[in-house]
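These notes concern the structure reproduced below.
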Amino acid sequence: MPTNKQRREAAQRHLQRQLERRTELAKKRRRNLGLILTALAAVVLVGAALLFTGVLGGDDDAADPAADGSTPTTSAPTSSSATRTTNADGTVTCEYLPDESGNPNLTDVGTPPDPEATPTQGRVDLLMATDQGDLTLTLDRSIAPCAAASFTYLAEQDFYAGSTCHRLVTQEAFGLLQCGDPTGTGSGGPSYKYAEEVTAETTYPRGTIAMAKTAAPSSTGSQFFLTFTDVTLPPEYTVVGSIDEAGLAVLDTVAAGGVQGAEGPGDGPPNIPVTVEDIAVAG
């Protein structure tokens, strides 16, 4: 029969084991909580990355909803990055790289001429004729000479004629119409890409013309978006010019028509279809 001393020692050992088990359980709970929080953080980061990756997907987007009504799916990006260098005479050299993504929706129209001496002064007015009304797009060479040269070149090649504006966004701080894809899918474009022309101060107020792109650098092509509200975006998309008041009235009418399948603010094909009949240099 155990003595009182032996019973006390047994009770102490039992209590010690209980404390050890509780300590171990507490450690496991802390480890599991840490894993859960890490996983949640990763999900949030991935979600944010996906949001901005497809926000205004350009010509490598296969079917991403952000470019065709939601967020564009991206094909393999071009491996190298294009550059823009300033010449002694004030012109710039624009590098137009071939798009080697294998995207079947690209159209080969060559590349803009004289890329080694692209002007950085003056403006170009383009008349964008649509079945919903005309917009005058004023391209500013001083802020985006390569984008202005490419946009003008594609217009001169009738690249945009007959294309549709495939995406409308009607959110409060994100109102825009996206156009420039001859296939109307959000994945089409020319067979070349070039570098973005942005600064830390680049913003997207109402009336802005900016070039769409994928998440990859130097992925600007033919697609562009027209803002009818002040749009909040990171400074990653080249601002190439501005829209006239008559053009903004057209955009406001299209925006008021809403987005297909959306009750209230939405992101997708517009209820009022917009076909670009032609974009041509004015005058």
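The values are calculated or read from the model by the stated rules, or taken from the named source; none is laboratory data. Computed from a predicted structure; not experimentally measured. Here the Cβ positions follow ideal geometry from the backbone for every residue, glycine too, while neighbour counts run over all protein chains shown. All accessible areas refer to the heavy atoms of the entire protein, side chains included, with ligands and DNA or RNA removed. Shrake-Rupley method; radii C 1.70, N 1.55, O 1.52, S 1.80 Å.
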Which residues does the label zone of Gln157 cover in the stretch 263-283, counting backbone N under 16 Å from a point 7 Å along Cα→Cβ? 279-281
Please report the carbon-and-sulfur percent of the accessible area for the stretch 218-283; probe 1.4 Å, protein heavy atoms only, DNA, RNA and ligands left out. 54 percent
Label-to-label distance, nm, for residues given as Ala262 and Thr107 (7 Å Cα→Cβ offset): 2.6 nm
At 7 Å along Cα-to-Cβ for each site, give me the label-to-label distance between Ala282 and Glu245 in nm. 1.3 nm
